[in-house]
Structure formats: structure tokens, C-alpha cells
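The structure appears right after this line, and notes come after that.
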Amino acid sequence: MARLRSPRDRAPVLLLIPAVAAAIVALLPLWYLIDQATSQGFGAVWDEIVQDRTLWLVLRSLGLTAVVTTGCVVIGVIAAVLVVKTSLPGRRIWHVALTVPLAIPSYVAAYTWVSWRPEIAGFGGAALVLTLGSFPYVYLPVASALSRLDPATEEVATSLGLAPWRVLLTVSVRQVRPAIGAGALLVALYVLSDFGAVGTMRYEAFSWVIYGAFRSGFNPARAAILACVLVAVAAVFVAAESRLRGRPSFIRLGAGAPRPQQAVALGRATPVALGFTTAVLALALGFPVVNLAIWFNRGLSADFDLGAIGSALGDTLLLSAAGALLTMALAIPVGALAARRRGPLVQLVERATYIGHGLPAIVIALSMVFVGVHLLEPIYQRTPLVALAYAVLFLPLGVGAVRGAVEQSPVVLEEVGRSLGYSPMAVLRRITLRLAAPGVAAGTALVMLTAVKELPATLLLHPTGSETLAMGLWSNTNIGRYAAAAPYAATLVLLASVPTLVLTRMSRTLAPNDAGGLTP
Amino acid sequence: MSALAIRDLHLAYGSTVVLDGLDLTVANGEVVSVLGPSGCGKTTLLRVIAGFERPSGGSVTIGDVAVAGPGLWVPPERRRLGIVPQEGALFPHLDVGDNVGFGLARRQTHRDRDARIAEALELVGLGGYERRRPDQLSGGQQQRVALARALAPEPSIVLLDEPFSALDSGLRAQLRDEVRRVLAIAGATALIVTHDQEEALSMADAVAVLDQGRVAQIADPVTLYRQPATLSVAKFVGDAVVLSGERHGALLTTALGELVDATPASDAITGPVTVVVRPEQIIIATDTARAGANDAATGVRATVVCSTFFGRDASVQLRLADGTLTTARFGGRDVLVAGEQVTVRVEGSAVAFTR
Amino acid sequence: MKRSTRQGLRKLAALTAACTLFASGCSDGGSSGGGDQSDGDATTLTVYSGRNVELIEPLVEIFEKESGIDVELRGGGTPELAAQILTEGDNSPADIFFAQDAGALGAVAKTGQFEKLPADIIDLVPDTYRAADSTWVGTSGRSRVIVYNPDLVPDPPTEIDGLLDPQWKGQLGFAPTNASWHSFVTALRLLRGEDGARDWLERFIANEPQAYENNAVVRDAVDAGDIAMGPINHYYLYELIDEVGADKVTAKNQFLSGGDPGGLVNVAGVGILASAPHRDAALEFVRFLLGAEAQEYFATATFEYPLVAGVDPPEGVPSLDSLEPPEIDLADLDSLEETLDLLAEVGLLTR
């Protein structure tokens, strides 16, 4: 029975304050951007925006975003359907393998492709690399949602005479539209902000130009204005996704129980399905990894320092863990509120946290430099500020995961908890978050693995004397020392694989009695 | 001092009025069921009492403590109520013992808590189940644990929200009896919200029928059934045979003959009324039975339209002399066939509502 | 496990995490990356280095041993670091900005964030390779060259316009995102004006040059014979020779003289921030970089031109005096934005 929510049900203040704090953190870059953009007066802002070139750049970025998002949705949904809903052999392995591409930084993948065939550079190469690297953002939530579907609707559809394939397409996939939308939003924002792949592929996208503007002319005003345009575009995406969905659900990455799903028998289509998954993984995972191995054997400037790599590993762990912890600490109040309430303040707070995700990391980095020296001097170029920068960058990943997980936890349990004498905060702690824990853990893993790969912000803000794996990788590839770079790349991918595996485990996509074949 | 006193409760969502000046009083130790069709506001009422919704007007007093009123609202965690939701809603991450003990004050010693938990589980017939997990229990067992959990902290009132609707019917009846027994032993004051008339009538000391956001009638089950205050209450609290008729003093003239008014008023107005009779009051005598019994013919003639067999009796649709269709129950051994002519008469009094 | 034990462990984990964060914030940060631990001396120099850390680390270690001053290198891209310094303003923790090109130095100097260097330092370097107002000084030079494959180009061009000859259609290579290419185009603009530069670029495009991701790849392509020529920096060739041996390398460098824009000599250099916390140590470091030891390092390890008199250039490389670079103020190379706009206009930004 639908529960009407009384409009006067107020959000607990103890949640609202940290949530608003999270939103403020996420909006810190705007302080820097607006300060810089208007430093030469509003006239300059207007002039910059109305240039033909600006519009052309926006269109180019939008074009790339559209293609990559479509590609990721197609690959992600098909893969999720194959793994969760069909008789594909070895589904458990495929599930893990299809998540691992997240562990490969986009600049590494882009480099392997472009050094193999330089002609790839440009739109095609950028689209290829970004699609192959981002489809897990769609795959994970869709697979998770599909595995939690109530088989009832599908059984009804089958009984009405629809062929299994049609049931899959018209019923099952339809029901997970919110998950598809959530994943697509993340992909879209990521493409807007990515510089690694776009730069290596030399595709003149907006992010690349912003990057160049910050680097060149040393005219931060111009760059800041362009970045503000990007923020506006990102805001439109976020609003659009919210409107398309109507009610709830961002990423559902855990919590709630997966149910044994009706597996569609593939029969003769099995080789085709296997071919699809193999092809995707060969391109997304196999190709870069093989190239990394080849770099090892280039043998020319090969003498790598195990000690340096070890200490880089330690530094990477420290920074990414700190970043993940801070991000989740901020994400939990926002996600918990957003899952239960739809008031305008909560909506605003939630949308604010998504803005940073659409900005190129160099912009976030310089904003944090700005904030650091003007406001937070004691922690400038210290771990806490790096953690803060990571929080600004990765908050949406955490918020989405927390929100999805809390939504899975039934409201009635919280009401029972209240009736038994627990305050709203106590209920959150002892009931809601306990139940949402796997989803929160999945979110933490996702943030951590993304932080491990991060480069531009880390370069500017890292504690002096420390070096992350990504930094070591970059400084070696910069001067063509590929063999020396390879161990950094390998360690980085291996390190990122650990949270990736945690992520797949926490999503608990396959039901416990799913033996990997047809469910009896 | 009553356990629960609600005065003039109002609640609206936008332009939809859900509670429209509702009054209700529950005495200590009383079990009251709140009955009404879907959408009548009964679950909303429960949520207002529990503190999950804020009323836009009126007051709620639990015991001698006002919990809702103008400028006053006590949050749910301070109202000392127990809730048994529709689907049980046990905490999946805790075992049965921890579920039941969830509301027990943490100040208590472990031994006291464990003793109270054991006591509550014994009460619902699940003694020794402390270490089981919710997913190992059947639906009925889960509901019983939910009841134990609500009762363990000795709340002033227990609120049950359609507690048996998720169970299958055989289980439902059994559980109903159990819950009634448990509530009686615990001496608990309880409010049971349900749309099932059988449930409402069999479990409670008093039944409050909700209609369009107000209490249409509150009475003990017998009175409610036999003397419904309005036509809609009559129709809702059981099957009703509705006839039009004329009131002449204490008698009601209908197509089923002259009926006695159940609640004759001294200043009863002569005039047209709507008359309600329960199907089981309509006695059908087949011609063969009458012939055998040598009874004088009392009642009116009617034609059987159709008969639906229910096991212990049959529901029979009859066409009366003036063409009216009515439904009656027939427990006789004979099987009635369509078209058969029978004699029907009404046993007991009927209820009339002025039109 | 008992519930209370589990709860206790969770609390412990949370507490540990919080302490780690707090402790890391308080500490100086991570393990050493740029140099050995300080041996008792309290001075630590902070250098923002746009020069690759791997390349200059050995040099820095020599300095640390000799001076006892600890040096912390913060590596990054030269433009990003310049942007960072500009954003930090007077609160910058940096002592020294070691930049890969003069344009960046000029940009920082313009905002007044560098302090003037003393005469004894400034005079070590010819005035072409230092700031006119003594705010920065070059430490090593790199010349633009045309790398060519002698089998395909028996008679290499002597001026940059030679690349525009239609006979080389489809046989040229370049690195469009490379900073020194941008500097070259800036020099072109300074020497020939906007229209002259645009004209050159349009004729260059007409020759359908191949785009590569960096200069090293251009060099390799020329060496392999995939393309005939390409404009890069001089030291790439010598790096290759050093790695595989001269007998295995086909490509050659063509230096352009006579003030040709293609013969631009750019410098890597340093400036000391006016807000530097360790001014004396910084001066010592700059002196070291201009000393014989460091200059020889630049010649032998990175194959760049030493700028200080008395130090030999890399083997096989024409001497600095013999080059006739175009006459421009290197600091003017900071008008990078207009260069990028021009490149975007003609469509050479990426292709």
C-alpha cells in the first residue's frame, strides 16, 4: 500500500548539516572559477561565451558524449543481461572481468591504442577508449538491478506468449531504466571532464581546450569562463537525468537481496554471446594489458627501482584511502537524505555534489590550490587537502552508491525502529546503514579505485616528497622511458583491481544459489 | 483516563482530505479494531497515532500525555508505542532475540533483557527461537516475532496494521486466535487496522468503522453488526440485503414482508425508508420441505435465480414478487435449482434508514 | 563472533582510520622522493620542477651531498606549475621554479613573483638567455632543428620555409601538442607578424604533415624512413644515438642558421620566488645549476646546450656561438594563448 509522505516530515538536522557541508565542499571550485572568470569584468565573460568557437567546442564535446554514452549503454546493458539473465557459461568470471576495465586509467589505455595505430587519433580513438573504459559504469548498476527484479512480471509476460528474448527486452530491461539512466549520467559527466583519453587522442573537446587554456596564455580568466560553461552543461545533464527518472534510484550496488533469476537459455546463440563478451574484454582489458607487457620487453631503458615503486605504492594507498574515507563521510549524509526525502533543499544538495564530476581535474586542482592558499593554508599540499580534492572529484560516485543502497532498505524498518524508541540518527546508524553497508562498501571501493588512477590534482596537491604510482607512470612516459614506466602501470592496475574485486563482491549480483548454469 | 483519546483529527494531502474531524477513544486494556475500505484513512490514522505523520488539526493523547495538538508534536521514539506492520518487518541483520530485544532499554542488565526477551517469545509461542534468523522463519512465525518485539518493551498501546493480510487464509484464522490470546494475557491495549470484516469483528472488543475520514460508528461487534448506524456501515460490516420499504410505526413494509424495526424510535416518522437485512436472516423453505413439515405458509414467494455452493452453505440469489433481486444463505441439504419456487421469510429484526 | 566484539572491532577500525588521516595531515608527508633525508641541516628547498624529475634527480642528489641542503622536487608540467604559482601568489611554498621553457618564466616574471637575481649569477649567462630585468636565468638551451633522413633527403633545407616545398607533400611529420612546437610558432608570429605566421602555417598544412604525439615519435618515424623530415628539438637525436649506438641511427639533424625562425634556441631556466622561504639556499642552488658540474651534466646527460662559458657542448653538436638563432626576447614566448588561437584557426591544433 502506497505510503503517503507527509510534507511536514522534516529532515533531521544532524544529517542536514553534514549534507550541506558536503554540498559546499563540492561547490568550492565555483568560488575559484567565478573569482577568476569575473576578474576581468562581466563583459569579458560574455564575449568569451558568445564566440563561435565556444559553441563549436561545446558541440564537439556533446557529440563525443552522446556517442560514448550510447556505446556504453549498449555494451553495458547487453553484458548485464547476458551475465544475469542468460545461461552464459562462466558467468561469475565474466562478471568480475567486465568490471576490471575500471582499473585501467584512460591515459594508459589511450596511449596503447595510439601508439599501435596513430591514425586512430581524433574522434574515433577518443570515443573508442572512453567507451571501453567507462561501460562498467553502466554495467554494474544494471546488472545489480536486473538481479533484484521480481521474476513475477517476467513470468506473466512469458505466460502471455512472449518469446524469452522479447520478455528480456520489453519487460526486464524496461524495469531497470533508472539504473541505466544513473550509469549513463556518470558516463556523460566523465566524458565531459576527461582529459587523459581526449588529450592523447588529440580530439579537440571542451575539456582539452580548458586544459590548454589553463596551461597556455597563463590567462586563468579565460579558462575559468570556459570551465563555467562546462559546469552549466553538466548541470543540464544532471537535471535531465533527474527529470527522466522521476523518482529515486541512482546506483544500486548492494543491499537488498538478489533473487534467483529466470535464465534464458541461449542454446545456439551461446557462441555469439561468448564472442561478444570476449571481444569487449579483449579490447577493453586484453589490449592495454598486453601492451604493458610489451613495454616491459622494450628493454632499452630498463632499470626500475623496486624501492621507489614500493614507496609509491604506499603513498598511493595513503592518499586514495584518505580520499575514499572523506568522500564517503560526506556522501553518507547526502545519500541517506536523498534516498528518503525529495524536498527542494535535499535535491539541491544532491545535484550540487554532481557538479564537480563534470569538470576537468585540472580545474578542480587549481581550485583547490586557490582554496588551499586562501583558506586552508595549514593543510596546503598535505594529505587532508588531497583528500578534499578527491572528495570534490568523486562525491557523485559515493552519493549514488549510498543513495541506491539506502533506497533498498525498506522505510518501514526505520519506522519500527523509531517506534521502539530510537531517534532518527540512531535508526540511521543501527538499522539503515547496517543494511546499506554492502552498498556503501561498494561505493567506497569505487571511489578508491578511481582515486588510485587520478593524476592532475595529485600532481599539484600531493604532499612534497611523496609520489603516487600515477605520478611515477606519468613522469616516465613523458620522457619515453616506457620500460621504466611499465612497472608503475602494472602496479597501478593491480592495485586498482583490488577495490574493483571488492566492488564486484559487494554488488552481490549473482544470487547465492546461482550455480552459473540454468537455475532449476 | 483512557489509553488513547483522539479529538477532531484533521489531515489533508494537498486538496485530498484524508482525516476529517475524527474522534476516537480507547480504554485501557481494550482491543479496538479500525475497519474501513481502502483509502478511508485508517492506515493514516495509525501513522498519526504512531507519530509518522503530523495532523493538520486536532489532538492525540496517549494516557495522560498529549502527543499531538496545536503547536505540539512528540516524535515517535518518545511515544512508547508498539507497532506490528503489515509485512512483519523484522530487521534482517539481527537474529530473533535481538529483534525482540531491540526496544528494550539498554540500561537494563543483560540478564534482565534476556529474561524479558524469553518471556515475550514464550508468550507468542516461539520460546527458544532467540538465535534463529528472520529468513529461517515462516510468514506466520515472522508476524509472531514482530508481535513479541512490539510487546517486549511493554508499550502503552500496540498498533497493528493489517497484520494478517500477507498470510494465507488458513494461517490467518489460526494466527488471529493466537494474537487475541496474547493480547489478552498481556493485558495490552491494542488498535488493529484492517479491511477484513471477519477479522475486525472476531478480534476486538469494539469496532470503529471509518468512512470518509471520520468514525461512522464505534460499537461492540454484535451491536455493530445488528444495529449499524448508517447504510454504508451496514453494507461494509457484512453482506447486506438492501430493500426499499415503508415505515409504519414499528413495522417496516418491504418486498420480503412485514419486518420488525430493530431500533424503533418513539418518534419514528412514517414514510419511505431503506431497509437492511442480513442474508442469513432470510430463511428459505422449499416447497417439499414445507409440504413435509406441514407448516402454514408464512413468508413471500420467490424464484431462485442461481445458487452458489460454498461448502457449509450456499448463497442463493432470489427474485421476489415485485422483481427485486436479493441474496440469501441456504444451509439446507437440498440443492436449489434455478427457476424453483420457494417461500422466504425474515427472521429477526431489520434496520431502517430514513431516505 | 559476539556482536559486541564485532562492534568493538568496527569502532577500532574507524578510530584507526581517523587517526591515520589526522596523523598524515600533521606529518610532513610521505616518504622521500626527491632526495635523501636531511642529514641534520634544517633547510629544505622546495623546487617546482617542470623539468622531468627522473632526468634531473641525479644532478640534484649531487647538489644535496655537496651543500648539505635538502631539495624537494615537485614535478609537473611546466604550464601547470606556472598556473599553480600564479594561483598561489605570495603564499606559495615554492622557493624555485625550474621551468622547461622561457615563456613560462616570462609569464611568472610579469606578475612580479620572481625576485631579481644578483649580478654574479646573471652575468654567467649571455643576455639572450636570461631575463632583461634579471628575474630569471636560463640553465640550458635547446635548439630547434629539422631532423631528416639522408636517404630520402639528400639535400636538407637551410631554412624553415624549405618545409613548405610541395615535393615534401605527405612526407613531413610534427608533434602538434608539443610545447616547443608552440614556441616555434610563437617565434614565427613575433618575427613575421600574425599574417606571415598564418601564411606559413597554411602552406605547411597544404603539405599534409603527419601528426605524432611527441617529438620522440617523430624522430623515430624519420629514422625508420616513414617520413622524410620533421621539426623537433636537437637533443632527441643524440638521445637515440646514445641508446642504440651511432651506427644504428640513420637520421640526422639540420641546424638552421641566419636568424631563421626554425633555428629558435629556447632555454630551460630558473627563477627564485620573491616569497621564497629559503632565499640563501635558493641562490646556492641556482649557482650550482650554473656551475661547471651541472652544466656538464646538461651537456652529457640530456644533450642540451650549456649556457655558461667554458663548458663544452655535447659531442657532435655545433657550438652555441655558431648557431644564429632568431633575434627575439625569449620572454615574449609567453604569448602562447594567441599562438594556440592561431593554430586553432588554421586547424593545426590537433592534426
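A few points about this structure:
- Size descriptors for region B:4-233, from the alpha-carbon set: Rg then Dmax equal 17.6, 56 Å.
- Listed by chain and number, the aspartates and glutamates whose alpha-carbon sits under 13 Å from that of C:LYS252, ignoring those within fewer than 8 places in the same chain, are C:ASP151, C:ASP155, C:ASP220, C:ASP223, C:GLU239.
- Whole-Hz ³J(HN,Hα) from phi, Karplus 6.51 cos²θ - 1.76 cosθ + 1.60, for region B:79-95, glycine and proline x: 9, 6, 10, x, 10, 10, x, 4, 9, x, 6, 6, 6, x, 8, 10, 7
- 3J(HN,Hα) couplings calculated from phi for region C:207-224 with the Karplus curve 6.51 cos²θ - 1.76 cosθ + 1.60 (θ = phi - 60°) are, in sequence order, 8, 6, x, 7, 8, 10, 6, 7, 5, 4, 5, 4, 4, 4, 5, 5, 4, 7 Hz; Gly and Pro show x.
- Per-residue mean of foreign Cβ neighbours for C:86-92 is 6 (Cβ atoms of other chains, 10 Å radius).
- Values of log10 I(q)/I(0) for region C:293-339 across q = 0.14, 0.15, 0.18 Å⁻¹ run -0.47, -0.52, -0.67, by the Debye formula with one identical scatterer at each alpha carbon and no solvent.
- One compactness figure for the protein assembly as shown is 1.24, namely its Cα radius of gyration divided by 2.2 N^0.38 Å.
- Cα centroid separation, region C:237-296 to region B:113-134 (Å): 82 Å
- For the peptides B:131-141, A:104-114, A:130-140, C:128-138, residues were scored by their other Cβ atoms within 10 Å and the scores averaged per peptide; the highest-first order is A:130-140, A:104-114, C:128-138, B:131-141.
- Residue-wise HN-Hα coupling along region C:54-70, computed from phi with Karplus coefficients 6.51, -1.76, 1.60 (Hz; x: Gly, Pro): 4, 6, 9, 4, x, 5, 5, 5, 4, 4, 4, 5, 6, 9, x, 8, 7
- For B:75-86, mean number of other protein chain Cβ atoms within 10 Å: 5
- Size check on region A:53-203: the Cα extents along the three principal axes, sorted descending, read 55, 36, 21 Å.
- Applying the Kirkwood pairwise sum to the alpha-carbon positions of region B:239-355 produces a hydrodynamic radius of 14.7 angstrom.
- Tensor-based shape of region A:349-443 (alpha-carbon gyration tensor, a/c under 1.5 rounded, otherwise prolate or oblate): prolate
- Cross-link reach is defined here as a Cα-Cα straight distance under 19 Å, omitting same-chain residues fewer than 8 places apart; for B:LYS42 the lysines meeting it are B:LYS235.
- Alpha-carbon geometry of region A:352-406: the Rg and the Dmax are 12.4, 37 Å, given in that order.
- Region B:1-82 gives an Rg/Rh value of 0.94, both radii derived from C-alpha positions and Rh following Kirkwood.
- 5 angstrom amide H check on B:TYR13, placed H, neighbours 5+ away: B:VAL18
- Anchor C:LYS116: aspartates and glutamates whose Cα lies under 16 Å away (excluding residues fewer than 8 positions away in-chain): C:ASP90, C:ASP95, C:ASP127, C:ASP133, C:ASP280, C:GLU284
- Global size of region B:216-269 as Cα Rg and Dmax, reported in angstrom: 11.9, 31
- Crossing angle, helix C:292-301 versus chain C [Cα axis fit, 0-90 degrees, rounded to tens]: 70 degrees
- Along principal axes, Cα extents of chain C, largest first, whole Å: 82, 58, 43
- If R0 is taken as 60 Å, the Cβ-Cβ distance between A:ILE17 and C:ASP133 corresponds to a FRET efficiency of 0.70.
- Each of B:ARG149, C:ARG144, A:ARG382, A:ARG166 was scored by other Cβ atoms within 10 Å of its Cβ. Arranged with the fewest first, they read A:ARG166, A:ARG382, C:ARG144, B:ARG149.
- For B:GLN217, the amide hydrogen comes within under 5 Å of the amide hydrogens of B:VAL209, counting only partners 5 or more places away or on other chains and with H modelled in the peptide plane.
- Under 5 Å from the amide H of C:ASP101 lie the amide H atoms of C:GLY269, each residue being 5 or more positions distant or on a separate chain, with H modelled from the backbone and absent for Pro and chain starts.
- With the gyration tensor restricted to C-alpha atoms of chain A, the semi-axes of the equivalent ellipsoid amount to 35, 30, 23 Å, longest first.
Computed from the coordinates by the stated procedures, all read-outs in this text should not be read as laboratory data. On a predicted model such as this, the values are computed, not experimentally measured, just so you know. Here the Cβ is made from the backbone with ideal geometry for all residues, glycine too, and neighbour counts use every protein chain on show.
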